[in-house]
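Scroll down for the structure; my scribbles are underneath it.
The values are calculated or read from the model by the stated rules, or taken from the named source; none is laboratory data. The shown structure was predicted, so the numbers you read here are calculated from the model rather than taken from an experiment. Cβ atoms come from the backbone with ideal geometry, glycine included; neighbour counts cover every protein chain shown. Side chains included, ligands, DNA and RNA excluded: accessible areas come from the protein's heavy atoms. Shrake-Rupley method; radii C 1.70, N 1.55, O 1.52, S 1.80 Å.
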Amino acid sequence: MPVPSLTALQQRLLDRFQHRLPLSPTPYADMAKRLDVDEAQLIDALDDLQNKHIISRIGPVFKPHRIGTSTLAALSVPSQDLAATAAFISTLPEVNHNYAREHLFNLWFVLTATDEAHLRAVIATIETTTGLPVMSLPMLREFHIDLGFQLNHMR
Amino acid sequence: MLDPIDRALIHATQAGLPLTVRPYHTLAVQLGINADEVIQRLQNMLDNGIIRRIGAIPNHYALGYQANGMTVWDVDDDLIDELGLCCGVLDFVSHCYQRPRHCPEWPYNLFVMVHGKNRNEVEQKTAQIAALLGVHCRQHQILYSNRILKKTGLRLT
């Protein structure tokens, strides 16, 4: 996949606004002012970043475990069943990330549920449907303050 | 704690803010409250840590960081706070978590997500982490993702 080219405005936008989006009535106008462009240009730049999937969205990042509960789960799926099992896992509304990884544990996904009972029920459903044990590895501590992604490494 | 309006606001914003001239007003109309209240509730969730940040959320893959290595480490439990913080401050690390071991098949207790443009870059960065952890790490592995099958923001279910 080729790296999409960013316009100078998009580059500056990503440098400045991965956090601290203004909580004002007109945040895009305020951002535009700080970047010395007009509001329509700024909204177009954001729309283009979203359409090209360079950003997944502009909005809040919620802290895990503050709303409901979650865990990182892994399955060791026989290779011939991986596609079907992965497709099933992705259909679950409790799954928000699902990655195939090159390991004996070859399917990794994040489960988010309203409470522990709900989480246990989802895990039980996965185990019954797949016939495989779920390895559940809930976060115990976090050692990173997420301030966004450093774009200067790209240059 | 969160009340039903907060929950509705989380639902309405987890896929992103509207790209309208007054996005908080747009949300306010959807939720049947006024825009000042939307802003105040978002500010409160920022202040109490429910929202970590509000901004543009880049997609690492689309930015050319296509090698995503989940590095996992078996480190001394007694030192995990110090060791975790050492890794968490590295600028190429996007997530750093302590998780339980699941012995015997899973002896790793520290998860460090490393992003690079290719696997060679991820391996160099992983070597830097290994050097930092030194003798306090018994073993480690890099798990590369070969496919993203689903990725959405947090969802309330």
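Observations on the model:
- Taking the stretch B:35-56 as the range and being surrounded by fewer than 20 Cβ atoms within 10 Å (Cβ to Cβ), among the aliphatic types (A, V, I, L, M) and within 7 Å of chain A (Cβ to nearest Cβ) as the test, the residues that pass are B:Ala35, B:Ile39, B:Ile50.
- Every condition in (1) open to solvent by 10 Å² or more (accessible area, probe 1.4 Å); (2) assigned by TED's automatic domain parsing to the domain that holds B:Arg138; (3) polar (S, T, N, Q) holds for B:Asn59 except the one numbered (2).
Conditions (1) in contact with a Pro (Cβ under 7 Å, 6 or more places away or on another chain); (2) of a type in the set (Lys, Arg); (3) surrounded by 15 or more Cβ atoms within 10 Å (Cβ to Cβ); (4) in a loop (DSSP other than H, G, I, E, B), marked per residue:
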{"position": "A:Pro22", "(1), (2), (3), (4)": "no, no, yes, yes"}
{"position": "A:Arg57", "(1), (2), (3), (4)": "no, yes, yes, no"}
{"position": "A:Val61", "(1), (2), (3), (4)": "no, no, yes, no"}
{"position": "A:Pro93", "(1), (2), (3), (4)": "no, no, no, yes"}
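- Qualifying residues in the stretch A:1-44 (those that are among the polar types (S, T, N, Q) and out of contact with any Gly (no Cβ under 9 Å at 6 or more places or on another chain)) - the one nearest to B:Glu37 (Cα to Cα): A:Ser24
- Residue identified as in a helix (DSSP H, G or I) and within 21 Å of the chain's Cα centre (by Cα) among A:Leu111, A:Leu119: A:Leu119
- Here B:Leu143 does not fit the description of being surrounded by 14 or more Cβ atoms within 10 Å (Cβ to Cβ), among the aliphatic types (A, V, I, L, M) and in contact with a Leu (Cβ under 8 Å, 6 or more places away or on another chain).
- Of all the criteria given as (1) farther than 27 Å from B:Pro4 by Cβ; (2) open to solvent by less than 50 Å² (accessible area, probe 1.4 Å); (3) not assigned by TED's automatic domain parsing to the domain that holds A:Ala117, the one not satisfied by A:Val77 is (3).
- Checked against (1) more than 8 Å from chain B (Cβ to nearest Cβ); (2) surrounded by 14 or more Cβ atoms within 10 Å (Cβ to Cβ), A:Ile89 passes all but condition (1).
- Counting the residues of the stretch B:75-110 that are among the acidic types (Asp, Glu) and facing chain A (nearest Cβ under 7 Å) gives 1.
- Residue selected from the stretch B:11-65 under the condition aromatic (Phe, Trp, Tyr) and within 17 Å of the chain's Cα centre (by Cα), by the criterion nearest to A:Asp48 (Cα to Cα): B:Tyr61
- From the options B:Val122, B:Val112, residue that is under 15 Å from the mean Cα position of the chain (by Cα) and assigned by TED's automatic domain parsing to the domain that holds B:His140: B:Val112
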